[in-house]
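Structure, as structure tokens:
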Amino acid sequence: MQKFNFLFFVLGASVGLLILLISLSSANREESLSSERGKLLTSKLYVAREILPDHTMYPVLMIVDRLRLELVEPENRSALLLAYGKRRLFYSEKLLQKGQRELSFITLSKAIKYYQQALEQSIANFDERLLSNRLNQELSFMAIDEMKILFDFVTKNRDSYADDERVVIDLLIEQSKFSLLDLQEILYQ
């Protein structure tokens, strides 16, 4: 497993350096493409602490995230899923502030799905006894706290989304609530 960690570190450092070089060489440059209907699509390269989904290099970040998720040991998966969900929720808020509602919706739906997976992983950790009871309880309480933040965000920003987007968000939240209740039942037995 140490080989994978070293390989992942080298790959991550290389990707990070590539992103930095590309961003620095073309900071704040916008590339525009016209679609068949004349709609203007923009993709941006910019220097920032985080790479939002509107950044040209975001797909690279997604590949790295996916690799990390595939290589992580099961006992660490819940914490990583929570981190991904939290980051997507932050990105969704930033995109709303930038007026990119549709991209914010997509990012929010991914955040909800990551939180849902984290809840399910926490439940599985109890069932399979992958973690010490205390560590799993701590992660589970973190997941519950993050879900409260998610619910607050959705409640506060629900009207910012289109009707069909709200339907999807409500459905995803409802599914997450069932998993949340299952996890709370395990914790408070």
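The values are calculated or read from the model by the stated rules, or taken from the named source; none is laboratory data. Since the structure is predicted, the reported quantities are computational estimates derived from the model, not experimental observations. Positions of Cβ are generated from backbone atoms using ideal geometry, with glycine treated the same way; all protein chains shown enter the neighbour counts.
Is it the case that I123 is in contact (Cβ under 8 Å) with a residue 60 or more places away in the chain, surrounded by 12 or more Cβ atoms within 10 Å (Cβ to Cβ) and closer than 16 Å to G85 by Cβ? Yes. Scanning segment 138-164 for residues that are within 18 Å of the chain's Cα centre (by Cα) and in contact (Cβ under 8 Å) with a residue 24 or more places away in the chain yields a count of 12. The set of residues in segment 136-178 being of a type in the set (G, A, S) and either in a helix (DSSP H, G or I) or touching a strand residue (DSSP E or B) at 6+ places or on another chain (Cβ under 9 Å) (or both) consists of S140, A143, S160, S176.
Criterion first (on the phi < 0 side of the Ramachandran plot and more than 18 Å from the chain's Cα centre (by Cα)) does D127 satisfy it? Judged against the criteria, D127 is a match. The number of residues in segment 82-112 being free of Cβ contacts under 8 Å to residues at least 60 places away in the same chain, out of contact with any Lys or Arg (no Cβ under 6 Å at 6 or more places or on another chain) and among the hydrophobic types (A, V, I, L, M, F, W, C) comes to 5. Selection of first residues in segment 63-77 that are assigned by TED's automatic domain parsing to the domain that holds A118 and among the basic types (K, R) and of second residues that are modelled with pLDDT of 90 or more and in a helix (DSSP H, G or I), restricted to Cβ pairs under 6 Å at least 6 apart or on distinct chains, gives the following pairs, ordered by first then second residue: R77/Q121.
I'm trying to understand the selection: among the residues of segment 31-82, which are modelled with pLDDT under 85 and hydroxyl-bearing (S, T, Y)? Across segment 31-82, the qualifying residues are S32, S34, S35, T42, S43, Y46, T56.
Across segment 97-116, the number of residues qualifying as of a type outside the set (K, R) and surrounded by fewer than 20 Cβ atoms within 10 Å (Cβ to Cβ) comes to 7.
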